[in-house]
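> First, the structure itself, so that you have it in front of you.
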Amino acid sequence: MKIKTQDYNDVTVIELQGDFDIDFTELFQETLTGVFSKRRSGIVLDMSGVGFIDSQGLEQLLWLQDYCSENKSQLRLAGLDETCEKILGITRLDSKFDCYVELSGAVKSFA
């Protein structure tokens, strides 16, 4: 798994590439620690490079959603592929997240 971050005004985009699984947990949390220190009003996870999410990945998404809610920030997911959409649907977590087809739409939603 690879992670890249980029800031757009008061929004941080976190681009994920690879499988969002247990092997990725530590790197994901380390990256988010740096993002949290910036006190952003919004975080967008660019999921267009993610082909699979396991239970640990889902747990990380829920943890991030809870953190954002508790710290007056908002989370958006962008670019989910069909497999990841199905995983969120089967687990009934699709209603917990604001999902966008395109990254640009997710970033613009904060304006």
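Just so you know, all these numbers are worked out from the coordinates, no wet-lab data involved. Computed from a predicted structure; not experimentally measured. Using ideal geometry, Cβ is built from the backbone for each residue, glycine included, and neighbour counts are taken over all protein chains shown.
> Less than 12 Å Cβ to Cβ from THR83, Lys/Arg counted +1 and Asp/Glu -1: what total charge do the surrounding residues give?
The answer is -4.
> So, in the chain, how many Lys pairs have Cα atoms under 18 Å apart, if the pair is 8 or more places apart or on different chains?
Close lysine pairs found across the chain: 4.
> Give, in nm to one decimal, the length gained when the segment between ASN9 and LYS38 is fully stretched (0.36 nm per residue of separation minus the Cα-Cα distance).
Answer, rounded to one decimal: 9.3 nm.
> Continuing with this model, one more query. For the pair GLU70 and LEU93, how long in nm is the line joining their label points, each one 7 Å along Cα→Cβ?
1.7
> Let me ask another. Roughly how many debye, to the nearest 20, is the charge dipole of the chain about its Cα centre, given +1 on each Lys and Arg Cβ, -1 on each Asp and Glu Cβ, and no other charges?
500
> Give the label of the value calculated from the structure for Cα extents along the principal axes in Å, choosing from (i) 58, 32, 22; (ii) 32, 27, 24; (iii) 44, 24, 18.
(ii)
> In addition: What number, rounded to the nearest 500 deg cm²/dmol, is the helix-based mean residue ellipticity at 222 nm of the chain, given -39500 (n - 2.57) per DSSP H run of at least four residues and division by all its residues?
Theoretical 222 nm ellipticity from helices: -11500 deg cm²/dmol.
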